[in-house]
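The values are calculated or read from the model by the stated rules, or taken from the named source; none is laboratory data. All values derive from a computational prediction rather than experimental measurement. All Cβ positions, glycine included, derive from the backbone under ideal geometry; neighbour counts span all protein chains shown. What goes into the accessible areas is simple: the full protein's heavy atoms, side chains included, and nothing from ligands, DNA or RNA. Shrake-Rupley method; radii C 1.70, N 1.55, O 1.52, S 1.80 Å.
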Amino acid sequence: MSNNFARLKDEADIGEVVDYLGLHVTPKGSARFILCPNPAHDDTHPDNCYFKAGWNNVYCTVCHKAIQAIDLISYVTGASYGIGFAIASAFAE
């Protein structure tokens, strides 16, 4: 099963996950910005955390955390890692 987790982390399109979660996105050039979803970072500046088309994670320039699909789903919805995996599976190639 760990190979499935690794494959999913590599293949899930983070832009599709962000859209699915209904997060507010601010486009700037080729980047798309969101508030950092890391629970340890109380972000109030929507230009700190970003992703680009085709990426498999969002990256926060303040807390320096790369957040992939499963974690993003878990952070935003409060779902367990297993549920996050099930949801993220729909966004893998």
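Assorted remarks:
- In summary, Pro27 fulfils each of the numbered conditions (1) at pLDDT below 95; (2) not in a loop (DSSP other than H, G, I, E, B) with the single exception of condition (1).
- Selection within segment 37-76: residues that are assigned to a strand (DSSP E or B) and among the hydrophobic types (A, V, I, L, M, F, W, C). The member of this set that is surrounded by the most Cβ atoms within 10 Å (Cβ to Cβ) is Val58.
- Selection over segment 1-22 of residues that are open to solvent by less than 50 Å² (accessible area, probe 1.4 Å) and not in a helix (DSSP H, G or I) gives a count of 2.
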